1. Only residues that are touching a strand residue (DSSP E or B) at 6+ places or on another chain (Cβ under 6 Å), assigned to a helix (DSSP H, G or I), over 30 Å from residue 242 (Cα atoms) and within 16 Å of the ligand (Cβ to nearest atom): list them for segment 291-322, please.
2. Taking segment 118-146 as the region of interest, how many residues are in a helix (DSSP H, G or I) and more than 15 Å from residue 454 (Cα to Cα)?
3. Please state which one of 267, 254, 170 is closer than 28 Å to residue 109 by Cα, among the acidic types (Asp, Glu) and at pLDDT below 95.
4. For the condition under 22 Å from residue 266 (Cα atoms) and out of contact with any strand residue (DSSP E or B) (no Cβ under 8 Å at 6 or more places or on another chain), what is the one hit in 330, 396?
5. With respect to residue 349, is the statement that it is in contact (Cβ under 8 Å) with a residue 12 or more places away in the chain, out of contact with any Lys or Arg (no Cβ under 8 Å at 6 or more places or on another chain) and acidic (Asp, Glu) true?
6. Within segment 90-110, track down each residue that is of a type in the set (Asp, Glu) and within 30 Å of residue 58 (Cβ to Cβ).
7. Pick from segment 251-265 the residues that are among the hydrophobic types (A, V, I, L, M, F, W, C) and within 13 Å of the ligand (Cβ to nearest atom): which of them is surrounded by the fewest Cβ atoms within 10 Å (Cβ to Cβ)?
8. Which numbered condition trips up residue 367, out of (1) more than 15 Å from the ligand (Cβ to nearest atom); (2) surrounded by fewer than 18 Cβ atoms within 10 Å (Cβ to Cβ)?
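The values are calculated or read from the model by the stated rules, or taken from the named source; none is laboratory data. Bear in mind that the values here come from a model prediction, so they are computed numbers and not experimental data. Note that each Cβ is placed from the backbone with ideal geometry, even for glycine, and that neighbours are counted across all protein chains shown.
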Amino acid sequence: MPASVKPPLVHAVDIIATPDEASHLAGELATRLAVNPDVQSMDWDEATASWRCVLVDGGRGRLTLAAPADPAAAAANTHRLVTTFEQGSPAEAEAFFAAARHLPFTDTEVAAAVAELPLTSRLADRWPDKPLASTGVLLTIHHMRDFLVLVDSLLALGVDPAHMTVIDKEYPYAHTHRVDAHLVQRHGIAVWRYRDLREGIEDHIERVAAAGKQSVVMDDGGYVMPTVLRELPEQAGHFTGLVEQTTSGIRKVEGLELPLPLFSVAESDMKGMIESYGIADAAIRNTLRLLPDEKLEGQAALVLGFGRIGHEVARVLEMRRMRVAVFDSDITRLVAAHEEGFLTGRSLDQLVRTHRPRLVVGCVGSRSFGAREARLLPDRSFLVSTTSRNFEFDLDELRAGSTQVTDRGVLGTGYQLTGGPEIVVLGHGMPINFHYAESLSNRYVDLVLAGLAVGAVALARADARLRPGHNVAATNLILAEAGIVDDYYRLYGPAAGGGRG
Ligand SMILES: NC(=O)c1ccc[n+]([C@@H]2O[C@H](COP(=O)([O-])OP(=O)(O)OC[C@H]3O[C@@H](n4cnc5c(N)ncnc54)[C@H](O)[C@@H]3O)[C@@H](O)[C@H]2O)c1
């Protein structure tokens, strides 16, 4: 028998469901575990009210539907699905838990998300003629519950699920596996991992082209078109348009000759003026959640990049009573930061040396801070990024310049810099608002998700105002015409709050 894991290993997930839904989902999971080739038998055991699983080489596992750990603190209708691996090899344990983690959402959970995204979920009412019926869609949007509402909406707008492909960016979101499972098991949508991006794109093109259709890309971070243009240029003609949701995606397509129109939600007024504060707030809230024993009030912080996100981060930190310095390589932004009352300087080294920040928040969107600057920080300082993936800090340089690098689990990575301080890169340098979190509240993100779908519709309809290349002005116009911002104002503006409206 292969090496045994230290038993028992337990995986528990809380679901919100009616009792019927909960037992149906548990039964479905038991069936999926049973078809695992390592499983010999799966039987209901009345005595323990659980499914008992026997593996082919004698290993054992169990699946139980239980009450939540703390029923008084749990939301109404919470049930806990507990999978326990009692005996077997690490590989068997991994296969067992992989199946258990891939749990689709219940109807109750989906209905709650739909209620929280009224703009996105009602888009099909605006366009009942199914404008997306003749197009394929390739998406790389963050894997959160809100994304499922966007997918439902795109399906309602006519996309055939067989002509939709989702790239999982492999961020450690709160519900990554459940989102993947929902897309695959409930909708039959193809999901590819970021590490297999190119194969995913090729598979999508083949499938959709075979049906005589072309595709729109809905991207968040410039994943698809740069890969297509560099590695599959002969396939570029398959795509009729690109909707991009974030600035780093715009940076990635800069310098490339885009043969198709870019609907730039990333650069829209809607995104810059309404969403940035929410992202900054979510980023700082998650930072504080990861550091419950720290007291940051009164201490020094440094914000790198005084753009849309950095500006709001600086203000949120100021509201948290930190002493905030700002560095931006663009002199106009630096002056703006200075005139808004932040400590600034033209030399980053000098600013770090004199201000000695315990918290550094990177909002530049590309490499902004490395080992040389980190060595100037006080001991036990924290680096936090809001930038897509792990581009903001030079992690290789930090590693090379350290005597010891420690994986601190959910917190991040610790670096004991040679002859310098010990610092922690929170969330391993990935954007902190998504780190085991759902970033913005669904009601906030609703507007941007609806905006992405508006872009897909405009591109699928070949709106003549969208020309190959960037289309910031046309994007603003089309978003305004769609009426989603009016609805947002109706929902959350003065009239909604009982003001004078
Ligand atoms: N975490 C999220 O949810 C989320 C959402 C949107 C955007 N983003 C990320 O945030 C990044 C910033 O977005 P934004 O809209 O604020 O961009 P922006 O272009 O408005 O701001 C970037 C700022 O960085 C400055 N800058 C550029 N290079 C610099 C350097 N080396 N040192 C210091 N400053 C420098 C620029 O002058 C600019 O002021 C994006 O690239 C994206 O990756 C994250």
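1. Result: 314, 317.
2. Taking segment 118-146 and keeping what is in a helix (DSSP H, G or I), we get 118-121, 123-126, 145-146.
Subset that is more than 15 Å from residue 454 (Cα to Cα): 145-146.
Of the residues in segment 118-146, 2 are in a helix (DSSP H, G or I) and more than 15 Å from residue 454 (Cα to Cα).
3. Only one candidate qualifies: 170.
4. 330
5. Considered against the rule, which asks whether it is in contact (Cβ under 8 Å) with a residue 12 or more places away in the chain, out of contact with any Lys or Arg (no Cβ under 8 Å at 6 or more places or on another chain) and acidic (Asp, Glu), residue 349 comes out as no.
6. Restricting attention to segment 90-110, the residues satisfying the condition of being of a type in the set (Asp, Glu) are 92, 94, 107, 109.
If the condition is that a residue be of a type in the set (Asp, Glu) and within 30 Å of residue 58 (Cβ to Cβ), then 92, 94 are the ones that fit.
7. The initial filter retains those residues of segment 251-265 that are among the hydrophobic types (A, V, I, L, M, F, W, C), namely 253, 256, 258, 260, 262-263, 265.
With within 13 Å of the ligand (Cβ to nearest atom) added as a condition, the list becomes 253, 265.
On the way: 253: 21, 265: 26.
Checking each candidate, the answer is 253.
8. Unmet for residue 367, out of (1) more than 15 Å from the ligand (Cβ to nearest atom); (2) surrounded by fewer than 18 Cβ atoms within 10 Å (Cβ to Cβ): (1).
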